[in-house]
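Colleague: My questions will all concern the structure given below.
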Amino acid sequence: MSTPPDTDPLAAWVDRTREGIGEGRFPARAFNDPAVHALEQERLFSRAWCFLAHESEIPEPGDYVTRYLGNNNLIVARDEEGAVHAHLNMCRHRGNVMCKAEMGNASHFRCSYHGWTYKNSGELIGVPYLKEGYQERLKRKDWGLVRVRVASYEGLVFGCLAPDAPSLEEYLGDFTFYLDLYLKHGSGGVEVHGPPDHWTAETDWKICAENFAGDGYHTPVAHQWGFNLGYFPSSGSTHSQGWAVSIPGRGHGIGLGHSPAFPPFGGFPDDLVEDMKRTLSPEQAEVFARTRTAVGTVFPNLSFLMQPFSLVPGEPGVRFVTMRLYHPAGPGRMEMYSWCLVPRDASQEYKDQAYRAYTLAFGQAGTFEQDDFENWTKVTRSAASTMVRDVDFPYVMGMGSDPDRDFPGPGHAVVPYVNDTNFRNLWSRWGDYLAGEA
């Protein structure tokens, strides 16, 4: 017999946590706890729209990648007609994994256990000994791969397990204004530059999602060498300038760092800048021109970073974009997927330069990436200790700040960029899901 909700200690903890968020507190326990992880799987990842793949990863008919949505392994494939589908990576006969490779090209998927065969669009078309064994008791049309709801925005393919959840358009809301800063780099949009870096880490996914929702506070400390050596086109004294922007009630947030001396659209080729100005709205172009660094999170676990990086200290360098997905692989453990996005219509020279800058800074062995994961793994380890279970962290920075009424973009924009407002919004939405109210 299940425990009544009013005496469920985890439900009571969720209620207390939601109250604390409004007061600027969040529990350390959330970052490494088996019960919290299980509740996230049941109530968050079963209902939220989660990123699966970029369409440029599967450009041709038959191309596929395997990805996760929560604890569900999926096949994301482009069928022979060009449509993109997502299905559970499981044979309907006895549950064997259909695709064991992370990517490939196939018109059909054949189970290695009993040989059931499916089209890449999910229909079951081949059953060994169908007439002899089943005597017409099995209808192939009823036993296709389990389909997952998908929708796309500017090449980003998202999946959702809840048939009654709002549309992707409603889910993203006004955050599309800011997503375009990463995705509309010219009329051709963007594409991935090679397959993603993919590795595992003893880190809770939420730490990463928060960091990339606009944590400019850590940069002058964790990445201090970048300022000391001149690799950032700003100084520690100007680093806090900019805006923290959140979409209330959605969980999405972005930090827009501003450096007064940094040139508008700095780090992009001139011809690409002109194309971007034509592609973006006037308001988006105004925000972009004032932004040195844009670091944002699409709730729950997809993040983007755009910033310049130079191998020559003091020079603007090249602007790159990284997209990263934090897959929760267990309590205090995750799988990291990290891509470099490049403008589809840019020169190959610029694409290669941007990819090199991304690799040196935020690739799997990137300098900034190593700084972050060194801290994130230790936070995760601390969060699992018995004494920490009753410890809260302060999230009071910027509480009571008035919004910047002159900011041209949507959402709740506050200054300075170093602020906790985005994080309170993120954890508030997280609490909604865990309480079963989203």
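Colleague: Using label points projected 7 Å from each Cα along Cα→Cβ, tell me how many nm separate N96 and W225, to one decimal.
Modeller: So the label points at N96 and W225 sit 4.9 nm apart.
Colleague: Any idea how many Lys pairs in the chain come in under 22 angstrom at the alpha carbon, given 8 or more places apart or on separate chains?
Modeller: 10
Colleague: Can you work out the PRE-style zone for D271? Point 7 Å along Cα to Cβ, and I want the residues of segment 316-334 with backbone N under 18 Å.
Modeller: 319
Colleague: Something else: Of G255, W430, F268, which is farthest on the positive side of the dipole of the chain, counting Cα position, with +1 on Lys and Arg Cβ, -1 on Asp and Glu Cβ, and the Cα centre as origin?
Modeller: Positive-most Cα among the choices belongs to W430.
Colleague: Taking 51 Å as R0, compute the FRET efficiency from the Cβ-Cβ separation of E80 and S281 and round it to 0.05.
Modeller: Once rounded, the FRET efficiency stands at 0.90.
Colleague: Turning to a different aspect of this structure: Would you mind checking segment 87-118 for residues with the amide N under 20 Å from a putative spin-label position 7 Å along Cα→C-beta of L138?
Modeller: 88-99, 108-118
Colleague: Can you list the HN-Hα couplings for segment 26-38, worked out from phi with the Karplus curve (6.51, -1.76, 1.60; θ = phi - 60°), rounded to whole Hz and with x for Gly and Pro?
Modeller: Result, ordered by residue: 8, x, 4, 3, 4, 8, 5, 8, x, 5, 5, 4, 5 Hz.
Colleague: As an exercise, use a Förster radius of 60 Å and the Cβ-Cβ distance of L130 and A261 to find the FRET efficiency, rounded to the nearest 0.05.
Modeller: Calculated transfer efficiency: 0.25.
Colleague: Would you work out the Kirkwood radius for the chain? I mean one over the mean of 1/r across all pairs of different Cα atoms, in Å.
Modeller: Averaging 1/r across every pair of different Cα atoms and inverting gives 22.9 Å.
Colleague: Compute, for segment 174-434, the length of the dipole vector about the Cα centre, with Cβ point charges of +1 (Lys, Arg) and -1 (Asp, Glu) only. Units Debye, rounded to 20.
Modeller: That gives segment 174-434 a dipole magnitude of about 260 debye.
Colleague: In addition: What nm distance separates the two modelled labels at K378 and E42, each placed 7 Å from Cα along Cα→Cβ?
Modeller: 3.5 nm
Colleague: Here's something else I'd like to know. With a 10 Å Cβ neighbour count serving as the proxy for reagent exposure, in which order, fewest first, do R29, R292 appear?
Modeller: Details: R29 19, R292 27.
Least crowded to most crowded, the residues run R29, R292.
Colleague: Roughly what would the spin-label model give for S107 and S347, points 7 Å off Cα along C-beta, in nm?
Modeller: About 4.1 nm separates the two model spin labels.
Colleague: Using only the alpha-carbon atoms, how far is helix 421-434 inclined from the longest principal axis of the chain? Give it as 0 to 90 degrees, nearest 10.
Modeller: So the helix axis and the longest Cα principal axis differ by about 20 degrees.
Colleague: Could you tell me how many cubic angstrom of Cα convex hull volume segment 174-434 has per residue?
Modeller: Normalising the Cα hull of segment 174-434 by residue number yields 125 Å³.
Colleague: Rounded to the nearest 20 Debye, what is the dipole magnitude of the chain about its Cα centre when Lys and Arg each give +1 and Asp and Glu each give -1 at the C-beta?
Modeller: For the chain, the charge dipole is close to 1140 debye.
Colleague: Oh, and also: Treating only the Cβ atoms of Lys and Arg (+1) and Asp and Glu (-1) as charged, compute the dipole magnitude of segment 50-160 about its Cα centre; round to the nearest 20 debye.
Modeller: Around 660 debye, computed over segment 50-160.
Colleague: Could you pull out which residues in segment 137-152 have an amide N less than 14 Å from a spot 7 Å beyond the Cα of N71, following the Cα-Cβ vector?
Modeller: Zone members listed by number: none at all.
Colleague: Using just the alpha carbons, could you tell me how many Å³ per residue the convex hull of segment 50-160 encloses?
Modeller: About 95 Å³ per residue, rounded to a whole number.
We did not get these values from a lab; they are worked out from the coordinates using the rules stated. Predicted model only: the values in this text are computed from it and were never measured. Glycine gets a Cβ as well: all are built from the backbone with ideal geometry, and neighbour counts include every protein chain shown.
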